[in-house]
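Engineer: This is the structure I want to talk about, given as structure tokens.
The values are calculated or read from the model by the stated rules, or taken from the named source; none is laboratory data. The model shown is predicted, which means the values in this text are computed figures rather than measured ones. No Cβ is skipped: glycine too gets one built from the backbone with ideal geometry, and neighbour counts run over all protein chains shown.
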Amino acid sequence: MFRNYLKTSVRNLLRNKLFSSINIVGLAIIMSVGLLLIAFVLDLRSYDKFHKNGERIYRITSVLTENSEQSRTRPGQSRPGSKFATTSIKTGKLIRQKVTGIEEVTIMRNDFSQDAKVGSTTISIKGFWADPSLFRIFTFPMLEGNPDTALKDPYSIVLTETAARKLFGDQSALGKAIRFDTLDYRVTGVMKDVPFFSHINFEALVSLSTAEQLNRNNNNFERWTSMSSNYVYLLLPPTVDVASIQSQLDALAKEENLAEDNTKIQLELLPLDKIVVGETLRRSEGGPGSVGPHMSPVVLWILGGLALVVILSACFNYTNLSMARAMRRFKEVGIRKAIGAGKSQVWQQFLAEAIMISLAALILSYFLFLVLRPQLMNLAPEMQRTVKLELTPFMVIAFIVFSVIVGVIAGLLPALFFSKVSAINALRNVSSVKVFKHVTLRRALVVIQYTLTLIFITTTAIGYVQYKNILAFDLGFSTENILNINMQGNKPDVFLKELSEMPEVTALSRSLIITSVGNTWGGFMKYNDSRDSALVMTNNVDENYLPLHEYKLIAGGNFMARPITAEAVREVIVNEQFLKRFNISNNDPEKAIGEEITFSNFNVRGRKMTIVGVIKDFHYGKVDNLIEPVAFMSWTPKDRAVINAKIQSTDMLATRAKIESAWKKTDRVHPFQAKFYDEEIEDAYSEFSAMIKIIGFLSFLAISIASMGLFGMVAFTTETRLKEISIRKVMGASAGNLIYLLSRSFLVLLSLSALIALPVTYLFFETLVLTNFPYHKPVQVAELFVGLLAVLLIAFIMIGSQTLKAALENPVKSLRSE
């Protein structure tokens, strides 16, 4: 039976080459997108699968809640908690001491980044401070050394195989010394390189006891609220009750929170497989929450939804063309039923044809997948660090299953439709089948397909315009021709002198971070009410920063003191929103000068600071966030440094090369890291750019598939009405009249699609998407209609080419058989 289906299907496909070509090419193009999505999801789901006990590993996350008088609506109510991927070192130690039913606990700290020196070799090493239990939780095979003791003693370091080779060549690294700054560390182990699909990535692990010794005079290092850069992982027994562990964590947090006035921390368990694809978390300073790649499930759902829509569009093509060929297939179905074929045999035949076309398309789609893969990888820098999209046996199976599913979806409706046709009614036209009262099934599918296509194209147009608006948005300060140079731990004085002697550099300043691109730093501040504490975003800047970036000072003045140490910083410049948050001097900037606030963060606790200036509100974060309270404090030589260089030059590339040459004199180890501020902003919104490119690409595919389907349907329609066209032409109808006659119904369907698609797209953006951007510009009429005009133009070309061909055909050829 199967061989019979196969032979019949092959004959039908060869007999209808246009139908077969349109469907195979259309499905192949769309399926290549499906293959990319499958490979992308499988790669994301591959993270941390190599760990032997991965299903029993959990990370501790923290929910931070501030008690704030300003945010209360009734006594005792607090502001909603912010979720952090980090927690405190104290949390890890308390869990180890007090929580029962846990197999292992490990603590990691993510701030080890130093230059390693061995003889004349110097390289930059990044890694974690970690304790010995890390090797008992995670599967990181050791090549040399004892994993149980390698991270036990202070100043012990475990290198990855690649890092060891960079420092020691082919010699054994075990027992050798490495100098970091002025201290020697002993190599106690060499491990295999960390696999690509690991959310934890490092070149070295340094014993946590080293960090404890280096911070022995820092009272904040092991505080309950000192969550900066610390990660705690648990290995639970196979039969443990997770709810019981969570209840113990709740009790532990409740006990520790008693000592805190305004900050409350709750502890939660996060499974290992929910770290890469899961909820977006933060670090205590507000920076990126994960130590590795991360993808929100919402993004995957959006990409999957878009791909599904385009795949359905190709499936509609198959259904539409099958219906268009109905008159040819009715006689075949009638004869089959007359000689005894049942419904199941008929629908199996048509389903087999659809699956064959889909499998044929799979071969072509794989080659398209190979072509599109590098394009997807280059959409955003993070993509290359997150996925590989390399073929695996499991992926091949997934591709084949996907192809069969697409074939079933594409062929199901035609198969069911033809199986229900009786032998008596085999000569009836398929257009007699109604979905609604006056709408045929085929027309309904055309409307749905073009509605989806219009939504895609209009979404691309609106998204592109909004993206450009974001890049051109007035942030409240100047970014033009400012080159931000990361000093990478070097003291900036010598390099500043080099830059100041260049005529192209007109102004220089120093800052801790680059604002408005997603970087954040902050601490808790109070005004008069000791119960009212708020997390305020900050930046440490020197006295040249405000004039260089053209911030608008509305009261007070710039920094006057030049403190050498962080403890000496006593001046603060705030924005208008800061005054509103604490209701300082009834929000009067002039009266706020001289007022005192209290600042606390990881390094300081309860420092009194004086407001010396008030600047106009600006966007510290990205423009999808509301303007928030911000405070500028004085930069000190102990702070991390970013140099901000204002450049005036007719050849920016040459000037940048000149600055890079000066950098090599300052630092021969680290590569030059610098970007113009406008480039930083573009990178900050690269995910929007990538999303628009993906949607634009899918829009192109959707309109291509819809156009091919329309071309096929018009070809079949004109072929079936050829004698009618010839008679009308003999009776005096002009070519223009015939084109209008044949294209009218299609243009009506496209107009109906536009009436549905344009309002839906508009409402989608105004009520869902753009509500996340409080400062967005409203959607313009031109953005809505640009997609419609493109679709109408392409559709007119598709329809016009076929109808004009039929209209110009010699009537004698089609009528001579009558």
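Engineer: Is it true that some residue in the stretch 636-647 is part of a helix (DSSP H, G or I), surrounded by fewer than 19 Cβ atoms within 10 Å (Cβ to Cβ), on the phi < 0 side of the Ramachandran plot and at pLDDT below 95?
Structural biologist: The first filter runs over the stretch 636-647 and keeps only residues part of a helix (DSSP H, G or I), leaving none.
No, the conditions are met nowhere in the stretch 636-647.
Engineer: Out of (1) surrounded by fewer than 19 Cβ atoms within 10 Å (Cβ to Cβ); (2) at pLDDT 80 or above; (3) in the same structural domain as Ile405 (by TED's automatic domain parsing), what's the single condition that is false for Ser21?
Structural biologist: Looking at each condition in turn, Ser21 falls short on (2).
Engineer: Right, here's the next one. Given the conditions (1) of a type outside the set (A, V, I, L, M); (2) surrounded by fewer than 17 Cβ atoms within 10 Å (Cβ to Cβ); (3) in contact with a Lys or Arg (Cβ under 7 Å, 6 or more places away or on another chain), report the number of the one that Glu567 does not fulfil.
Structural biologist: For Glu567, the exception is condition (3).
Engineer: With (1) assigned by TED's automatic domain parsing to the domain that holds Asn540; (2) closer than 27 Å to Lys665 by Cα; (3) surrounded by fewer than 20 Cβ atoms within 10 Å (Cβ to Cβ) as the list, and Gly518 as the residue in question, which single condition is left unmet?
Structural biologist: Evaluating Gly518 over (1) assigned by TED's automatic domain parsing to the domain that holds Asn540; (2) closer than 27 Å to Lys665 by Cα; (3) surrounded by fewer than 20 Cβ atoms within 10 Å (Cβ to Cβ) leaves (2) as the failure.
Engineer: Also, quick follow-up: So how many residues does the stretch 95-125 have that are touching a residue at least 12 places away in the same chain (Cβ under 8 Å) and more than 27 Å from Glu256 (Cβ to Cβ)? Step through it out loud before you land on a result.
Structural biologist: The first filter runs over the stretch 95-125 and keeps only residues touching a residue at least 12 places away in the same chain (Cβ under 8 Å), leaving 95, 98-118, 121-125.
Imposing the further condition that a residue be more than 27 Å from Glu256 (Cβ to Cβ) reduces the set to 113-118, 121-125.
Result for the stretch 95-125: 11.
Engineer: Please determine, by comparing only the residues of the stretch 530-552 that are part of a loop (DSSP other than H, G, I, E, B) and of a type outside the set (D, E, K, R), which one is farthest from Val574 (Cα to Cα).
Structural biologist: Applying the first criterion (part of a loop (DSSP other than H, G, I, E, B)) to the stretch 530-552 yields 530-532, 542-544, 550-552.
Okay, now just the ones that are also of a type outside the set (D, E, K, R), so 530, 544, 551.
Values: Ser530: 19, Asn544: 16, Tyr551: 12 Å.
Among residues in the stretch 530-552 that are part of a loop (DSSP other than H, G, I, E, B) and of a type outside the set (D, E, K, R), the one farthest from Val574 (Cα to Cα) is Ser530.
Engineer: Assuming Gly476 fulfils every condition listed in (1) at negative phi; (2) among the small types (Gly, Ala, Ser); (3) assigned to a loop (DSSP other than H, G, I, E, B) apart from one, which condition is it?
Structural biologist: It is condition (1) that Gly476 fails.
Engineer: Could you list, in sequence order, all residues of the stretch 755-786 that are in contact with a Phe, Trp or Tyr (Cβ under 8 Å, 6 or more places away or on another chain) and not aromatic (Phe, Trp, Tyr)? Walk me through how you get there before you give the answer.
Structural biologist: So the first thing to find is which residues in the stretch 755-786 are in contact with a Phe, Trp or Tyr (Cβ under 8 Å, 6 or more places away or on another chain), and the list is 757-758, 775, 779, 784.
Those that are in contact with a Phe, Trp or Tyr (Cβ under 8 Å, 6 or more places away or on another chain) and not aromatic (Phe, Trp, Tyr): Ala757, Leu758, Val779, Leu784.
Engineer: I'd like to check something: does the stretch 504-511 contain any residue that is aliphatic (A, V, I, L, M), surrounded by fewer than 16 Cβ atoms within 10 Å (Cβ to Cβ) and more than 21 Å from Met633 (Cβ to Cβ)?
Structural biologist: For the stretch 504-511, residues aliphatic (A, V, I, L, M), surrounded by fewer than 16 Cβ atoms within 10 Å (Cβ to Cβ) and more than 21 Å from Met633 (Cβ to Cβ): absent.
Engineer: OK, next. Counting only residues that are of a type outside the set (S, T, N, Q) and at pLDDT below 90, how many does the stretch 70-118 have? Steps first, please.
Structural biologist: So the first thing to find is which residues in the stretch 70-118 are of a type outside the set (S, T, N, Q), and the list is 72, 74-76, 79-81, 83-85, 89-90, 92-96, 98-99, 101-105, 107-109, 111-112, 115-118.
If we keep only those that are at pLDDT below 90 as well, we get 72, 74-76, 79-81, 83-85, 111-112, 115.
So the answer is 13.
Engineer: Restricting attention to the stretch 761-776, does a residue exist that is within 27 Å of the chain's Cα centre (by Cα), in contact (Cβ under 8 Å) with a residue 24 or more places away in the chain and surrounded by fewer than 13 Cβ atoms within 10 Å (Cβ to Cβ)?
Structural biologist: Checked against the condition, which is being within 27 Å of the chain's Cα centre (by Cα), in contact (Cβ under 8 Å) with a residue 24 or more places away in the chain and surrounded by fewer than 13 Cβ atoms within 10 Å (Cβ to Cβ), the stretch 761-776 yields at least one hit.
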